[in-house]
Amino acid sequence: MVIPEDLLFEILKRLPVKSLCRFKCVSTLWRSLISDPRFVDSHFAHSSNHPKLVISLPSHPHAGPRARLFFAANLSEPGNDHRPWTVSPYFFALGTACRYVSQSIHGLICFQVDGYVGVCNPTSGKYMTSRTVEAKVTGECAYLHYSFGFDPVAKKYKVLRTLATRRSMPGGLRELIMEQHVLDLASETWRRIEDGPPHIKKEGEICFNGLVYYRAWNGNITNPRQDYLVEFDVGTESFLMVKFPGDNGPRGGHHKVCLIEFEGRVAVADLRNLKRDGSDDVVLLISEDFEREIWRKKVIALPPRWKKILVAEEVFLAGTVSTGEWLLVSQIMLKPPRVFYYNPKNNSFRGIEIRGLPKYRIVLPPAVWQTFTHHVESLLPLEGLHDRHMPWRL
């Protein structure tokens with residue numbers, strides 16, 4: 001019996017990526033079909049209805065080799081989450097875990113281990129690594145940060161590196177020399193961005209519509225408290241930098257000031273007023289015109305019952321998901337760990353217990369060492385992503 005190709009297409013797109021990678025060996029027809037860009041796009045669209053929660057942690061300092069660990073759980077639909085979610089090992093990267101781990105973009109995750117930056121499709125086992133480029137000037141590396149983005153026009157994935165080198169000057173003074181480089185995954189080569197605005201990236205970023213947004217400061221040692229919001233256009237490799245909106249005062253809780261996508265726009269979510277006796281709960285500053293620095297303020301009052309729980313667990317906003325919900329997690333690894341989903345449209349909450357994560361005898365570092373992202377399985381056959389064995393292990 002011969003299965004019609006259109007029926008085979010519909011059957012195969014419902015299968016997981018790892019099965020499809022094996023099925024490429026069935027025949028030349030199957031390999032051609034599974035590798036077809038139309039099939040890859042259709043499979044990704046179908047998989048988008050079944051995302052995973054990927055949790056990244058550093059390995060235990062006293063248990064085995066140092067590594068960045070990744071765990072994944074299948075998500076339940078809202079209303080069907082009365083049972084705990086059990087995570088299973090997804091993949092890990094050998095080496096000292098650095099802070100940077102990106103959001104998942106079309107099934108790809110970018111992160112840093114030791115002196116390497118890597119991009120991995122953890123489901124298919126495809127990945128690439130690149131050692132960081134040398135600075136143009138000599139001196140002490142003071143700041144090194146990465147960002148990961150996608151250009152939807154040229155269909156290119158790029159890694160942005162921002163570097164600040166501290167150099168000694170006459171009279172005992174020191175200055176910061178700032179550089180930006182871009183890695184195009186298709187060519188696997190780093191290029192220096194000329195005339196980029198001097199700034200130093202802070203942790204955290206979001207990418208949508210071909211734009212990467214992140215918080216930064218200008219690197220001026222005499223005035224280091226001025227924060228900026230940077231927009232990096234992945235396609236043109238250009239920057240737009242504006243003053244960070246709202247209160248920049250040193251009130252602490254910097255992990256509670258997060259960037260999210262809200263109604264198709266970049267927004268600043270401020271959870272610092274989330275206190276038991278606070279009058280305001282979550283303050284959103286939504287960009288109406290980024291270049292002209294026009295922001296719209298929206299205050300969201302959380303349900304009192306959930307507000308007490310979130311305050312007690314010191315949550316921060318990890319991002320938004322495809323359902324429109326916000327993903328909130330604790331700044332420290334509690335026992336048992338939980339994640340929370342908030343729907344701003346109907347003001348509803350759900351909390352889910354997570355099982356299967358490794359047990360630590362010590363309290364894990366702050367939230368920057370723990371990352372949470374929604375991840376969709378993908379068959380992307382990107383140039384530059386190869387089957388290599390070191391330093392990544394699946």
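Annotations
- Span per principal axis, largest first, for the Cα atoms of the stretch 23-70 (Å): 49, 26, 13
- Converting phi to 3J(HN,Hα) with the Karplus coefficients 6.51, -1.76 and 1.60 and the offset θ = phi - 60°, the stretch 4-9 yields x, 4, 5, 6, 4, 4 Hz in sequence order, with x at every glycine or proline.
- For the peptides 189-196, 89-96, 50-57, residues were scored by their other Cβ atoms within 10 Å and the scores averaged per peptide; the highest-first order is 50-57, 89-96, 189-196.
- Annotation: amide H of residue 156 within the under-5 Å range of 151, sequence separation 5 or more or interchain, hydrogens built in the peptide plane.
- Net charge, residue 19 excluded, C-beta distance under 12 Å - Lys, Arg +1, Asp, Glu -1: +4
- Listed peptides 145-155, 348-358 appear in the order 145-155, 348-358 once ranked by packing, highest mean of other Cβ atoms within 10 Å at the front.
- Taking Cβ atoms as reference points and 11 Å as the exclusive limit, the residues near residue 106 contribute a net charge of -1, counting Lys and Arg as +1 and Asp and Glu as -1.
- Theoretical FRET efficiency, 1/(1+(r/R0)^6), r = Cβ-Cβ of residue 22 and residue 195, R0 51 Å, to 0.05: 0.55
- Point-to-point label distance, residue 242-residue 2, nm (Cα→Cβ direction, 7 Å offset): 6.0 nm
- The residues neighbouring residue 88, those whose beta-carbon lies less than 11 Å from its own, together hold a net charge of +2 under the Lys/Arg +1, Asp/Glu -1 convention.
- Peptides ranked, highest mean first, by Cβ atoms within 10 Å: ranges 38-49, 228-239: 228-239, 38-49
- Length gained on full extension, residue 321 to residue 300, computed as 0.36 nm times the residue gap minus the Cα-Cα distance: 5.8 nm.
FYI, it's all coordinate maths here, none of it is from the lab. From a predicted model like this one, the values you see are computed outputs, not experimental measurements. Here the Cβ is made from the backbone with ideal geometry for all residues, glycine too, and neighbour counts use every protein chain on show.
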